[in-house]
Amino acid sequence: MALDGGGGGGGLVGSSNTFTGTSTALEFVGTHVYGYSGSFESSTTNQVAIDYDNGSKYLRLTIQFCGATNYATPAAGSIGVCKISVGGLAVAQLKAHTSSSSDAIFSAPSSEIIVPAYSNLKVEVVSSEDTADELVFIAITGRVYE
């Protein structure tokens, strides 16, 4: 019997604890939910990292935005913004400033949100530069509630 909110991956919830990889959807294991967007090249064009239609449960999520960074060149970076929308309405924006020339470096801000039943969760990312060398990621963890 699935407890999912309406469309994660990984088959029946609780029947497999196997990591199925990155996706624009969410994964459910028992009452836990998670999602990993995979990497996106820094782009000045808006990119959809997560797009999930929730089912009959409500979700309490922590969404972390890992801003534009270059693993091979840690001093490189740019400004990135992550927009979180629920039901088509923007509910939060996270800004990551990862340039070493900045006075303050915020590379992984996060926000806690509730996703009501039967609503869409969309997480979009955009950066101040177009570069394949700098990558952005979204990581989501949370709980499922009745």
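The values are calculated or read from the model by the stated rules, or taken from the named source; none is laboratory data. The model shown is predicted, which means the values in this text are computed figures rather than measured ones. Neighbour counts run over all protein chains shown; Cβ positions are idealised from the backbone, glycine included.
Look at segment 62-92 and say how many of its residues are over 22 Å from residue 133 (Cβ atoms) and not in a strand (DSSP E or B). Residues that pass the stated criteria total 2. Residue 50 meets all of the listed conditions (1) at pLDDT below 95; (2) touching a Ser or Thr at 6+ places or on another chain (Cβ under 7 Å); (3) under 24 Å from residue 146 (Cβ atoms); (4) not in a strand (DSSP E or B) but one, namely (4). Contact map, segment 115-143: first residue in a loop (DSSP other than H, G, I, E, B), second residue among the basic types (Lys, Arg), Cβ cut-off under 7 Å, separation 6 or more or different chains; pairs are 117/57.
Only one residue in 55, 67 is in contact (Cβ under 8 Å) with a residue 40 or more places away in the chain and in contact with a His (Cβ under 8 Å, 6 or more places away or on another chain), so which one is that?
Answer to the check: 67.
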